[in-house]
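Notes to accompany the following structure.
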């Protein structure tokens, strides 16, 4: 695998470092951001288009939170025979409800995130996978979330690492609006990369642009939208070692342990999830990223130190292939 660092322009680094969130909801947002970055509006739009086309950004736009909109999201795993892996992955990846899918180095070798806009669709999706493949799907619903947020920082030499953003305020109450689902469908692959993206959306949906902006602000403040901005492809940028660290934590210490791990600045996701007797003894999940496996092992050692004697065994499940990575997708 090529481990050379990706060379980005100073403008691209500034864009990614400063606008993985916080993209303004105003009439000419690219004009406002371009002024902050010291470039022209047209140059900024062209820059973002190029980064998306090159795969440096997965997309540029909103990231949605299924649970805040009344839906559900779970982690699921399968034990797939090697000679069936391609066929099973093609079926799983073809489901709109599958937001991410990874091949990992473990007996349970396929791990996917199922995200649906209604809670009852989780069971339907799991059943469809089991029926089509004949394989058991191990469900790992979130029992408690301690932290989520993969933010990257790129230095002048092209080195990349995770950073912890400023803490966000608590979410406001979400009141649904008939326009919201159409807005999510229209933006789930990214914002229109045009001077007035919200006006373009409004014209497409046949509503006033001020209403589009108002609904996006509401969804953002209520947490239905996690953030709006650049969604970097961390593999393309150099974080090629993706380790899902899993820990067997004594039940009476799970809350304290999860809180401690969730506060570590290099942990991007930290959840308490159920065990599965006979195959899965772990209940605390913490995602760690690095440019190589040595970095992941070092960060895992720091997690060990934070947990102390609250832990029993642990493993690192490295990803060997990214099978799908789109985020939440609503069915049209």
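Considering 158, 134, which residue is on the phi > 0 side of the Ramachandran plot and either in contact with a helix residue (DSSP H, G or I) (Cβ under 6 Å, 6 or more places away or on another chain) or modelled with pLDDT of 90 or more (or both)?
Working: 158 fails: either in contact with a helix residue (DSSP H, G or I) (Cβ under 6 Å, 6 or more places away or on another chain) or modelled with pLDDT of 90 or more (or both).
Step by step, each of 158, 134 is checked, and only 134 is on the phi > 0 side of the Ramachandran plot and either in contact with a helix residue (DSSP H, G or I) (Cβ under 6 Å, 6 or more places away or on another chain) or modelled with pLDDT of 90 or more (or both).
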TODO: From 49, 7, grab the single residue that is more than 16 Å from the chain's Cα centre (by Cα), surrounded by fewer than 19 Cβ atoms within 10 Å (Cβ to Cβ) and modelled with pLDDT under 95.
DONE: 7
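Pick out the one residue from 181, 213 that is outside any loop (DSSP other than H, G, I, E, B), touching a helix residue (DSSP H, G or I) at 6+ places or on another chain (Cβ under 9 Å) and modelled with pLDDT under 95. Give the derivation first.
Values: 213 fails: modelled with pLDDT under 95.
Answer to the selection: 181.
Could you identify the single residue in 284, 237 that is touching a helix residue (DSSP H, G or I) at 6+ places or on another chain (Cβ under 9 Å), farther than 22 Å from residue 152 by Cα and surrounded by 18 or more Cβ atoms within 10 Å (Cβ to Cβ)?
Values: 237 fails: farther than 22 Å from residue 152 by Cα.
Within the list 284, 237, the selection yields 284.
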TODO: Looking only at region 297-319, decide whether some residue is under 24 Å from the mean Cα position of the chain (by Cα) and closer than 23 Å to residue 63 by Cα.
DONE: yes
Task: Residues (surrounded by fewer than 15 Cβ atoms within 10 Å (Cβ to Cβ) and in contact with a strand residue (DSSP E or B) (Cβ under 6 Å, 6 or more places away or on another chain)) located in region 130-143 - done: 141, 143
TODO: Answer yes if at least one residue in region 288-301 is modelled with pLDDT of 95 or more, in contact with a helix residue (DSSP H, G or I) (Cβ under 7 Å, 6 or more places away or on another chain), surrounded by 17 or more Cβ atoms within 10 Å (Cβ to Cβ) and within 30 Å of residue 116 (Cβ to Cβ), and no otherwise.
DONE: yes
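Answer with yes or no whether residue 139 is touching a helix residue (DSSP H, G or I) at 6+ places or on another chain (Cβ under 7 Å), in contact (Cβ under 8 Å) with a residue 40 or more places away in the chain and not in a loop (DSSP other than H, G, I, E, B).
Details: touching a helix residue (DSSP H, G or I) at 6+ places or on another chain (Cβ under 7 Å): yes; in contact (Cβ under 8 Å) with a residue 40 or more places away in the chain: yes; not in a loop (DSSP other than H, G, I, E, B): yes.
When the stated conditions are applied, residue 139 passes them.
The values are calculated or read from the model by the stated rules, or taken from the named source; none is laboratory data. Note that the structure is predicted; figures quoted are calculated from it, not measured. Cβ: placed from backbone, ideal geometry, glycine included. Neighbour counts: every protein chain shown.
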